[in-house]
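Down below is the structure, laid out as structure tokens.
The values are calculated or read from the model by the stated rules, or taken from the named source; none is laboratory data. The shown structure was predicted, so the numbers you read here are calculated from the model rather than taken from an experiment. Cβ placement follows ideal geometry from the backbone for every residue including glycine, while neighbour counts extend to all protein chains displayed.
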Amino acid sequence: MENDAYLIAKNGGANHGWYKLQRELPESKIRKGIRSFEEQIELHRQWIENPLTKTPDFYSLDLRRQENLVNFHWPSDIKRHQDFITILQGILQEKAYGKY
């Protein structure tokens with residue numbers, strides 16, 4: 001497990017409120033959330049690979065906007081989704097081992 005997002009959230013850091021809300025969900029909902037974030041990650045990777053699939057007028061955008069989407073915005077979305085997956089996986093581990 002990526003060591004940071006889950007532990008940071010659990011210990012009161014970034015995403016702590018979201019962590020507490022997700023902890024109350026049944027395992028089936030948590031697993032569904034993981035699948036949903038995985039799908040979002042794949043979509044974002046496709047957008048980075050071919051921006052026209054997300055933004056049909058991509059090449060008419062200002063070059064700085066194009067670079068921002070491909071090099072910062074979409075990759076940061078992927079990172080956030082990966083962090084949420086890590087947090088949800090940690091919660092599943094907690095539920096499996098009875099540790100809160």
For region 64-100, name all the residues that are touching a helix residue (DSSP H, G or I) at 6+ places or on another chain (Cβ under 8 Å), among the small types (G, A, S) and loosely packed, with under 13 Cβ neighbours inside 10 Å. none
Does any residue in region 79-97 that is over 16 Å from S36 (Cα atoms) come within less than 7 Å, Cβ to Cβ, of a residue that is outside any helix (DSSP H, G or I) and at pLDDT below 95 six or more places away or on a different chain, and which pairs are these? G90/M1; E94/Y100
When region 22-35 is examined, which residues are found to be of a type in the set (G, A, S) and surrounded by 14 or more Cβ atoms within 10 Å (Cβ to Cβ)? G33
Complete set of residues in region 7-32 that are hydrophobic (A, V, I, L, M, F, W, C), assigned to a loop (DSSP other than H, G, I, E, B) and in contact with a helix residue (DSSP H, G or I) (Cβ under 6 Å, 6 or more places away or on another chain): A14
Reported set for region 2-36 where residues are touching a residue at least 24 places away in the same chain (Cβ under 8 Å) and at positive phi is N15
Residue pairs meeting the criteria (Cβ under 9 Å; at least 6 apart or on separate chains; first without any contact (Cβ under 8 Å) to a residue 12 or more places away in the chain and surrounded by fewer than 18 Cβ atoms within 10 Å (Cβ to Cβ), in region 37-50; second in a helix (DSSP H, G or I) and not aromatic (F, W, Y)): L43/T53; Q46/T53
Quick one: how many residues across region 33-66 are in a helix (DSSP H, G or I) and either modelled with pLDDT under 95 or over 28 Å from T86 (Cβ atoms) (or both)? 8
Could you list all residues from region 67-78 that are over 13 Å from F37 (Cβ atoms) and of a type in the set (A, V, I, L, M, F, W, C)? L69, V70, F72, W74
Criterion first (among the hydrophobic types (A, V, I, L, M, F, W, C), without any contact (Cβ under 8 Å) to a residue 12 or more places away in the chain and surrounded by 15 or more Cβ atoms within 10 Å (Cβ to Cβ)) does F58 satisfy it? yes
